[in-house]
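Written out below as structure tokens is the structure these notes cover.
Rule-based calculations on the coordinates, nothing more; no lab input. Just so it is clear, the structure is predicted and the values come from calculations on it, not from any experiment. Glycine also receives a Cβ, built like all others from the backbone with ideal geometry; neighbour counts cover every protein chain displayed.
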Ligand SMILES: NC(=O)C1=CN([C@@H]2O[C@H](COP(=O)(O)OP(=O)(O)OC[C@H]3O[C@@H](n4cnc5c(N)ncnc54)[C@H](OP(=O)(O)O)[C@@H]3O)[C@@H](O)[C@H]2O)C=CC1
Ligand SMILES: O=C1O[C@H](COP(=O)(O)O)[C@@H](O)[C@H](O)[C@H]1O
């Protein structure tokens, strides 16, 4: 069976290396993962597949049970059938994993369902008195029900079948955490009254992406970068999120939130925090999060004048946003936004941080582009358009490349832009890049909160966007139309260039086949 080779190995006391982590978890813990909202989309597309991959790779303990919980009247078999198609592995691996899964139907507000859950958990845990018990409650649910669900868990499901040392109970909660600063604080107060911060794991799946995890190494282990990571050298930074599809049936959800709440206030501001923060004292979860909070508190609230909003219309074979029947016909919800942000501290004062995010655009891409200032004019003319850029592409096809100016090969002294290229596919052939959820669920099981959002981070992130969101909610601005499949409203490029970004129109990336391939 998948993890059998690990289950009988002696473990070292601390889980330091990858194999130790695996062994540590596999040998000791009696683990129950309770997926609340098990009948939903996130559970079947992300939570269960991530658990399956961890199981398949031997990262979950031998003594594992996964319980789905939701209001739908499903049997164990119905749930297994629902998720089966999303699991990628051999028939034997899938069969073994599914045999660990059961389902309990129950409401989110009463006690009855949670009591059944407790009975099932306790029955299993009893008889393992000398083993640590782990209960991981994963709330794959709309945040509106978090308070009642957490209260139900608190009232009914906190008595464990054993109190062996090392036992724990944790809750993973999904975004969106509120609609603005006030509602987020209200939600945080309610959850905070039930469970302490060290039991609450606010997941932001961008923190589990490979390049986000690389950030602390890239930034603080490269001497050539450290001194130039400063307003003296950097002209502007862009954080760009593009998706080629629109709301696709999620219009009801999306219209309530809009693109800023959907990706900027959470995923992209986490990117900003890791890029802009100072070096943490250690790699401990709280030292890292202390630095993130410090820099986030220096972000000025985004102004309407520094923002371009867009909403997609029909284009290519895609319908326009307003043609989605789940969207109100007069909706002014932005599906695209570009915001220029400022960080008021010694390192970043005066450097525009440009965030751009949109649905139904021309490509799928998430990238960070750190554009350096041009060198003082000297022996080479026209260098303004040939700026150094450090590009980190989170997806698709993870890559880090630095645009540099070199002499074009030949008899002439002709400067041109080329790149130092770290394409992961090529450099790390065959490497397994884990899915973000996989990594974060494992962190939650290990009790590592480093890649989860602390309450004060959340507060600072909302503070940066709340005035702008209130202005948008009050209808103070109408988003500019852009055709689906385009790069967004042209006014965005104007804003980006006003912020100081200089686009090099000459540069062409040559693929291995030697063909140009530019976005
Ligand atoms: N390792 C690798 O795989 C490497 C790949 N490449 C590839 O080469 C291609 C070019 O890369 P790169 O040099 O970084 O991109 P460019 O410098 O050509 O363009 C930079 C970005 O500017 C944006 N842009 C396009 N038109 C305008 C405009 N009129 N005004 C303002 N911004 C504009 C585009 O993003 P947007 O439309 O989102 O605004 C584009 O991604 C990419 O496909 C890249 O992935 C390059 C090097 C290494
Ligand atoms: O949280 C969300 O993220 C996804 C994008 O995630 P990715 O890992 O595919 O980049 C986005 O489509 C969705 O609207 C948003 O709610």
remark   = For the chain the translational diffusion coefficient, Stokes-Einstein from a Kirkwood Rh over Cα pairs at 37 °C and viscosity 0.692 mPa s, in µm²/s, is roughly 132 µm²/s
query = Per 5 Å bin, what is the whole-percent P(r) computed from every C-alpha pair distance within region 270-355?
reply = 3, 12, 18, 15, 11, 11, 10, 10, 7, 3, 0
query = Quick one: Cα centre-to-centre distance for region 452-475 and region 165-203, in angstrom?
reply = 17 Å
query = Once the Cβ-Cβ distance between residue 282 and residue 99 is put in as r, and R0 is 51 Å, what FRET efficiency do you end up with, to the nearest 0.05?
reply = 0.75
query = Just how many % of Cα pairs in region 138-221 lie over 17 Å apart, if you round to the nearest whole percent?
reply = 57 percent
query = When the Kirkwood hydrodynamic radius is evaluated over all pairs of different C-alpha atoms of region 30-174, what value in angstrom, to one decimal, is obtained?
reply = 15.3 Å
ask   = For region 423-519, what size does the Cα cloud have along each of its three principal axes, sorted from largest down, in whole Å?
value = 49, 46, 27
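What is the extension gain from residue 416 to residue 91, computed as 0.36 nm multiplied by their sequence separation minus the C-alpha to C-alpha distance, in nm to one decimal? Don't skip to the end; give the middle numbers.
On the way: separation 325, 0.36 × 325 = 117.00 nm, distance 5.33 nm.
111.7 nm is the gain from fully extending residue 416 to residue 91.
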request  = Provide the FRET efficiency to the nearest 0.05 for the residue 123-residue 497 pair, computing r from the beta carbons and using R0 = 60 Å.
outcome  = 0.40
Simple spin-label estimate for residue 250 and residue 332 in nanometres, 7 Å along Cα-Cβ = 2.5 nm
query = How large is Rg/Rh for region 320-373, to two decimals, with Cα atoms and a Kirkwood Rh?
reply = 1.14
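How do 79, 272, 42 line up, fewest other C-beta atoms within 10 Å first?
If I rank by nearby Cβ atoms, fewest first, I get 42, 272, 79.
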Potential lengthening between residue 510 and residue 408 on full extension [0.36 nm per residue; Cα-Cα distance subtracted] = 35.3 nm
Residue-span extension gain [residue 226 to residue 130] - 0.36 nm each, minus C-alpha spacing = 29.7 nm
key: Using alpha-carbon coordinates, inclination of helix 210-220 to the longest axis of the chain, degrees   = 60 degrees
Rg/Rh (Cα only; Kirkwood hydrodynamic radius) as it applies to region 367-440 = 1.14
query = Based on the Cβ-Cβ distance from residue 428 to residue 349, what FRET efficiency comes out when R0 is 45 Å, to the nearest 0.05?
reply = 0.75
query = Can you sort 503, 294 so the residue with the fewest Cβ neighbours within 10 Å comes first?
reply = 503, 294
ask   = Hey, got the Cα dimensions of region 183-291 along the principal axes, in Å, largest first?
value = 47, 39, 24
ask   = Working from the pairwise distances between different alpha carbons, so that the mean of 1/r is found and then inverted, what is region 303-415's Kirkwood radius in Å?
value = 18.0 Å
request  = Would you mind computing the Rg to Rh ratio of region 177-236 from its alpha-carbon coordinates, Kirkwood style for Rh?
outcome  = 1.19
query = What is the fewest-to-most order of 33, 293, 391 by other Cβ atoms lying within 10 Å of their Cβ?
reply = 391, 293, 33
